[in-house]
Amino acid sequence: MPDLPPDLPRVCRPDECLAEDWLGFLGHRWNALILWHLSDGPKRFSDLQALLPRISAKVLTERLAGMTARALVSRRETNLFPREVTYALTPRGESLRGILSDLYDWAERQAPVLRTAGTRR
């Protein structure tokens, strides 16, 4: 087998490719948007629902639980009544801000092409 140029991305098996796992996670319909909104600072569940009106409470709960499990988001509960739960980016979640910002900027630059093609996607 010939040697590959060093600047080509490494190909890996799906069961051991961390980049593929993270890209799949961030590519989920809501994950990147939730992380984007949390990059402004901590939010309550109801704040996130207002920012993402098309997401159901069930899906938002599932997505936040997945982000908490991956240590991207922290969940803080107060002992006050009524109980208040806030979500915030962890340092790992904060490390995605640049990637999300670059993706947002890229998408904005593509808008004229997509409008000409008659599609948003």
Counting only residues that are in contact (Cβ under 8 Å) with a residue 60 or more places away in the chain and in a strand (DSSP E or B), the range 34-66 contains a total of 0
Being surrounded by 12 or more Cβ atoms within 10 Å (Cβ to Cβ) and under 21 Å from Ser101 (Cβ atoms) is the filter here, so list the residues in the range 35-63 that pass it.
Leu35, Trp36, His37, Leu38, Ser39, Pro42, Lys43, Asp47, Leu48, Leu51, Leu52, Arg63
So which residues in the range 1-37 are aliphatic (A, V, I, L, M), at pLDDT 65 or above and either more than 19 Å from the chain's Cα centre (by Cα) or over 16 Å from Glu62 (Cα atoms) (or both), if there are any at all?
Leu18, Ala19, Leu23
Filtering the range 66-87 down to residues that are farther than 16 Å from Leu33 by Cβ and small (Gly, Ala, Ser) yields Ala69, Ala71, Ser74
Answer residue from the range 67-85, given it is surrounded by 16 or more Cβ atoms within 10 Å (Cβ to Cβ) and outside any loop (DSSP other than H, G, I, E, B) and is farthest from the chain's Cα centre (by Cα) among those:
Ser74
Taking the criterion of being over 17 Å from Trp30 (Cα atoms), in a loop (DSSP other than H, G, I, E, B) and of a type in the set (Gly, Ala, Ser), would at least one residue in the range 107-121 satisfy it?
yes
Tell me yes or no: at least one residue of the range 89-101 is over 12 Å from Trp36 (Cβ atoms), touching a strand residue (DSSP E or B) at 6+ places or on another chain (Cβ under 6 Å) and either surrounded by 12 or more Cβ atoms within 10 Å (Cβ to Cβ) or in contact (Cβ under 8 Å) with a residue 60 or more places away in the chain (or both).
yes
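The values are calculated or read from the model by the stated rules, or taken from the named source; none is laboratory data. As the structure is a computational prediction, the values presented were derived from the model and not from experiment. Using ideal geometry, Cβ is built from the backbone for each residue, glycine included, and neighbour counts are taken over all protein chains shown.
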